[in-house]
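Each remark here refers to the structure printed beneath this line.
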Amino acid sequence: MYLRTRRRYLPTLASTVAVMSLVIFFVPDAATGVAEMARVVRPGGTVTSYAWDMSDGGFPYEALQSEMRGLGVEVPVPPNPDASRIEIMSLMPCLSRKESV
């Protein structure tokens, strides 16, 4: 199930899986976003997120962006690039647990 939404309410326990693919750094408050994912997933379901490590050069376009910065070009960054760091993601309870939610 793919759902494109902006502030659309989903019922609690509405799904068995919630995945945030390569977008956690675009979410201004990542912990709240992950908590919302956990809210809509049934017990025993799966909540997961994955991302490039934006802060440590893991973004695929980092080489290009580095060159652009070297030329004095302002390169826009997502609102929350540090959310992609494994240290930060591991602090989000439902992403750091090995068991299902």
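Okay, here's what the table says:
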| quantity | calculated |
| --- | --- |
| Under Karplus coefficients 6.51, -1.76 and 1.60, residue-wise ³J(HN,Hα) of region 21-37 in Hz, glycine/proline x | 9, 6, 10, 4, 6, 8, 8, x, 10, 4, 4, 5, x, 5, 4, 5, 4 |
| Rough spin-label spacing in nm, given labels placed 7 Å along Cα→Cβ, for S55 and L10 | 2.6 |
| Sequence-distant residues sharing a close amide H with M20 (under 5 Å, placed H) | T48, S49, Y50 |
| Area accessible to solvent at R39, 1.4 Å probe radius, in Å² | 60 |
| Heavy-atom accessible area order for Y61, Y9, Y50, largest first, 1.4 Å probe | Y9, Y61, Y50 |
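The values are calculated or read from the model by the stated rules, or taken from the named source; none is laboratory data. Just so it is clear, the structure is predicted and the values come from calculations on it, not from any experiment. As a convention, Cβ positions derive from the backbone with ideal geometry for all residues, glycine included, and neighbour counts pool all protein chains shown. We work out accessible area using only protein heavy atoms, side chains counted, and drop any ligands, DNA or RNA first. Shrake-Rupley method; radii C 1.70, N 1.55, O 1.52, S 1.80 Å.
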